[in-house]
Amino acid sequence: MNKPNTLLKVTSILYIIFSIISGIVVIVGSLGIGALLGGVAGNIGAGIAMASFFMVLSLISVVLGLIAGFAGLKAENLKLCKTLGIVLIVLAAIGVVSNLSDGEDIVSALVGLILPILYTVGVLKENN
């Protein structure tokens with residue numbers, strides 16, 4: 001019997017938890033953008049466009065994180081898990097660039113890369 005891959009299981013559970021929390025934050029944030037759109041009526045279109053872009057990107061990340069979490073718990077389709085891990089690393093890297101362009105601290109920006117990297121390492125360990 002194979003020893004269970006603890007790293008993949010733990011990161012999968014963390015992905016599910018953080019994706020649910022992030023989904024709630026994105027939904028609440030989108031409600032704020034809707035209120036802003038109603039109150040300003042087009043005076044800050046470029047800012048709203050960028051906020052909407054990052055909101056959609058965040059929603060994609062939330063959905064992919066949930067899929068990765070549940071797929072990692074089952075650990076049946078490792079090719080899907082590996083692909084999701086790589087995509088999530090790319091999305092996290094985009095988040096790092098976004099945070100750095102906003103003047104955020106580099107340490108806090110890089111923390112977002114840890115979970116997708118650990119998830120991908122867990123998938124690769126499971127594959128061997």
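Quick notes on this one:
- Label-to-label distance, nm, for residues given as Ser52 and Leu73 (7 Å Cα→Cβ offset): 3.5 nm
- Mean Cβ count within 10 Å, highest first, over the residues of peptides 106-113, 55-62: 55-62, 106-113
- Relative protection proxy for 84-91, 117-124, from highest mean packing down: 117-124, 84-91 (other beta-carbon atoms within 10 angstrom).
- Compared with the direct C-alpha span, the chain from Leu124 to Leu59 gains 20.8 nm at full extension, assuming 0.36 nm per residue.
- Kirkwood hydrodynamic radius over Cα pairs of region 6-127, then Stokes diffusion coefficient at 25 °C and 0.890 mPa s, in µm²/s: 160 µm²/s
- Peptides 7-18, 93-104 ranked from most to least packed, by the mean per-residue count of other Cβ atoms within 10 Å: 7-18, 93-104.
- Straightening the chain between Thr83 and Val25 buys 18.3 nm, computed as 0.36 nm per residue apart minus the Cα-Cα spacing.
Only the coordinates and a few stated rules stand behind these numbers; no lab work does. Everything numeric in this text was worked out from a predicted model, so none of it was measured. Heads up, the Cβs are rebuilt from the backbone with ideal geometry, glycines too, and the neighbour counts pull from every protein chain shown.
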